[in-house]
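Novice: Can you read through this structure? Questions will come right after.
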Amino acid sequence: MLECATPLKELQCAAAVLMVRPVRFAFNAQTAPSNSFQALRAEELPESPSIDLQGLALREFDALSERLQRAGVKVIVADDTEVPAKPDALFPNNWVSFHRDGTVVLYPMLAPNRRSERREEVIRQVSSDGAFRITRTVDLSYRENQGKYLEGTGSLVLDRPQRLAYANLSPRTDLDVLGEFAQQLDYELVTFEAFDGAGNAVYHTNVLMAIGARFAVVCGAAIAPPTNRDAVYSKLRSSGREIMEITLSQMQQFAGNLLELAPAAGGNVIALSTTAWRSLDPAQRRALENHASVLAADIPVIERYGGGGVRCMLAEIHLPTRA
């Protein structure tokens, strides 16, 4: 049985996360063409000035942050800046990841209006507020000049103790950049392609699968071809994890977009949205509850207009602490 804390290995479950409080949340037309989870097109946006998307998203954000902190998770909240406008700033896991050896990785992102989310002051705040030690930075953002992208732990679902990186190849997940990540951080790659029920490429790996300490959630029906699907399941089984299968419909409701966290005081937490939780049947709910307490947060505006779920809002922090 795997544990979240394993000597000599990186932790699977973090005790701390980075969240970025939005200032100008909005529907992002630059990301919509590759993200079928954004339920609305630009021409379908509400015209009524009484609909305050920023205000609604901010309330959802603050409620999730507060609940995580009450559950014992250390939450470092960085504030977004007004200029330039960054409609997806509350999804920091796409531009940065933090690792147990002190490495910070910066990632190349497809949408030009998302690239300004990479802010050095946010990384400094993580180090300062959490007393974390950073020893090196791996900056892959130069790949944007080549038209090649890798959107953090949206593109990557990491099995940290086993040093495995699962990645669904898509317009936002390039094989060359994956190779550089794997070389720099000493990971083995498990790559595949995935499609939703309408035949659209799944934009991020973390909406079709999640890996906890002793379980994995996977939408096998999305993975093609079957040989790649078998390879994914084989790797997961070899890690000793219990596999929970979800359907294409459940995937579309963010059931694969969850994150297990390990508060320092004990008692692991699985964070996901109420949309995702409601999509699960009783047996699936019990399967998750057998592993950790479930924290289901209501974020319908962020899901509908932003096209991302709870896991997308959390950049887990695995950095070592300063002495």
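Novice: Around E316, which amide H atoms from residues at least 5 apart in sequence, or from another chain, sit under 5 Å from its own amide H, with H modelled in the peptide plane?
Specialist: Placed amide hydrogens put L18 under 5 Å from E316.
Novice: Let me ask you something else. If each DSSP helix of 4+ residues adds -39,500 (n - 2.57) and the sum is divided by the residues in the chain, what number results at 222 nm, nearest 500 deg cm²/dmol? Could the numbers behind the result be given before it?
Specialist: Details: 8 runs with 76 residues, N = 323.
Calculated from helices alone, the mean residue ellipticity at 222 nm is -7000 deg cm²/dmol.
Novice: So what's the net charge close to R119: Lys and Arg +1, Asp and Glu -1, counting the other residues with Cβ under 14 Å from its Cβ? The partial results should precede the final answer.
Specialist: Details: positive: R21, K86, R114, R115, R118, R124; negative: D79, D80, E82, D88, E117, E120, E121, D139.
Local net charge: -2.
Novice: Still on this structure, I have one more. If Lys and Arg each add +1 and Asp and Glu each add -1, what is the summed charge of the other residues whose beta carbon sits under 9 Å from the beta carbon of E10?
Specialist: +3
Novice: Students often forget the sequence filter, so: which lysines lie under 24 Å Cα-Cα from K86 once same-chain residues fewer than 8 apart are removed?
Specialist: K148
Novice: Rounded to whole Hz and in sequence order, give me ³J(HN,Hα) for the stretch 192-208 from the Karplus expression 6.51 cos²θ - 1.76 cosθ + 1.60, θ = phi - 60°, writing x for Gly and Pro.
Specialist: Result, ordered by residue: 6, 10, 9, 9, 7, x, 8, x, 7, 4, 6, 6, 10, 5, 6, 9, 10 Hz.
Novice: Return the long-range amide H neighbours of D52 (sequence gap of 5 or more, or a different chain), with a cut-off of under 5 Å between placed amide H atoms.
Specialist: Close amide H contacts, sequence-distant or interchain: none at all.
Novice: Let me make sure I get this right: for the stretch 178-323, a, b and c are the square roots of the gyration tensor eigenvalues over alpha carbons, sorted descending. Under 1.5 in a/c it's rounded, otherwise prolate if a/b > b/c, else oblate. Which is it? Write down the numbers at each step before the final one.
Specialist: Working: a/c = 1.34, a/b = 1.04, b/c = 1.29.
Rounded, since a/c falls under 1.5.
Novice: Whose amide H sits under 5 Å from the amide H of R21, counting only residues 5 or more places off or on another chain, with H placed in the peptide plane?
Specialist: Amide H to amide H, under 5 Å and 5 or more residues apart or across chains, R21 pairs with A78, D79, D80.
Novice: Can you work out the FRET efficiency for the pair A224 and Q30, with r the C-beta to C-beta distance and R0 = 41 Å, to the nearest 0.05?
Specialist: Details: r = 27 Å, r/R0 = 0.66.
That pair, A224 with Q30, gives E of 0.95.
Novice: Determine which aspartates and glutamates satisfy two conditions relative to K235: a Cα distance under 20 Å, and not lying fewer than 8 residues away in the same chain.
Specialist: E3, E10, D159, D186, E188, E193, E245, E260
Novice: By the scheme Lys and Arg +1, Asp and Glu -1, what is the net charge of all other residues having a beta-carbon under 14 Å from that of S249? Please report the intermediate quantities before stating the final value.
Specialist: Numbers: positive: R278; negative: D196, E245, D281.
Neighbour charge sum, excluding S249 itself: -2.
Novice: Compute the distance from the alpha-carbon center of the stretch 287-320 to that of the stretch 177-226, in whole Å.
Specialist: The stretch 287-320 and the stretch 177-226 have Cα centres spaced 17 Å from each other.
Values quoted throughout were computed directly from the atomic coordinates according to the rules given, and no laboratory measurement underlies them. Fair warning: this is a prediction, and the values are worked out from it, not measured in the lab. No Cβ is skipped: glycine too gets one built from the backbone with ideal geometry, and neighbour counts run over all protein chains shown.
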